[in-house]
1. Can you pull a Stokes-Einstein diffusion coefficient for chain B at 10 °C (1.306 mPa s), Rh from Kirkwood over Cα pairs, as a whole number of µm²/s?
2. For the protein assembly as shown, give the share of DSSP beta bridges that are antiparallel, in percent and rounded to the nearest 5; count only bridges with both residues there.
3. For the protein assembly as shown, how big is Rg over Rh, using alpha carbon atoms and the Kirkwood form of Rh?
4. Between beta-carbons, use under 14 Å as the cut-off and find the net charge around A:Gln2, counting Lys and Arg +1, Asp and Glu -1.
5. Just to be sure I understand: if I project the alpha-carbon convex hull of region A:1-86 onto a plane and average over all orientations, what area do I get in nm²?
6. Mind listing the phi-derived Karplus ³J(HN,Hα) values for region A:73-86, rounded to whole Hz, using 6.51, -1.76 and 1.60 with θ = phi - 60°, and x for any glycine or proline?
7. Placing unit charges on C-beta atoms (Lys and Arg positive, Asp and Glu negative, everything else neutral), compute the dipole magnitude of chain A about its Cα centre in debye, rounded to 20.
8. Place a +1 charge on the Cβ of each Lys and Arg in the protein assembly as shown and a -1 charge on the Cβ of each Asp and Glu, then give the dipole magnitude about the Cα centre in debye, rounded to the nearest 20.
Amino acid sequence: QQKVQQSPESLTVSEGAMASLNCTFSDGTSNNFRWYRQHSAKGLEVLVSIFSDGEKEEGRFTAHLNRANLHVSLHIREPQPSDSAVYLCAVRSNYQLIWGSGTKLIIKP
Amino acid sequence: EAAVTQSPRNKVTVTGGNVTLSCRQTNSHNYMYWYRQDTGHGLRLIHYSYGAGNLQIGDVPDGYKATRTTQEDFFLLLELASPSQTSLYFCASSDVRLGNAEQFFGPGTRLTVL
């Protein structure tokens, strides 16, 4: 079964510096990858969905997918303190979403 | 935008207690899901449904029942709650089947079983 792992567990970045989060998966046949953000006391919001190798940009959020390397990343341009949250990677596998355990991102003013 | 609401937002019960978590979506989505989120495990699917009266088993169904009474309402039932069920529970809905479309999430219910 698909396994999804995220790194790092926690990341602190200064406001305005690029934040980069990583997600590795075990089965490269999937073609459906998503990044979600989870603010405390709120639900999850989808940030970027990517379905083929390469890059997908949604505002300040860019996902890079390399299925040969079993890797999908999320880059946040010009992060602000309001971007402090837990970021979750989800990979489609057999009509289910398999989730990573998240990266806690802290943006320092 | 999709609207999914959950109640209660927080719940404390004792071992052996009976708990019902409620979820309502107002977007006419066919699919609804219940997940639990625990540190180190990400989200894990408990049950899901593709319409009123339908129930499908997810990955971690033991100790949980669920019922979809209408297209809008999906309930998660813990009839004999145990401390291992202390968790953050999310409900979600989507227009088509799991994984094929965006899922819209509720704000979560934090359950503590003492």
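1. Estimated diffusion coefficient is 115 µm²/s.
2. So the antiparallel bridges in the protein assembly as shown amount to around 90 percent.
3. Using Cα coordinates only, the ratio equals 0.97.
4. In short, +3.
5. 5.8 nm²
6. Values per residue, Gly and Pro as x: 10, 10, 10, 10, 8, 6, x, 10, x, 5, 7, 5, 5, 9 Hz.
7. Dipole of chain A, to the nearest 20 debye: 220 debye.
8. 340 debye
Coordinate-derived values only; no laboratory data. On a predicted model such as this, the values are computed, not experimentally measured, just so you know. Every residue, glycine as well, gets a Cβ built from its backbone with ideal geometry; the counts of neighbours run over all protein chains shown.
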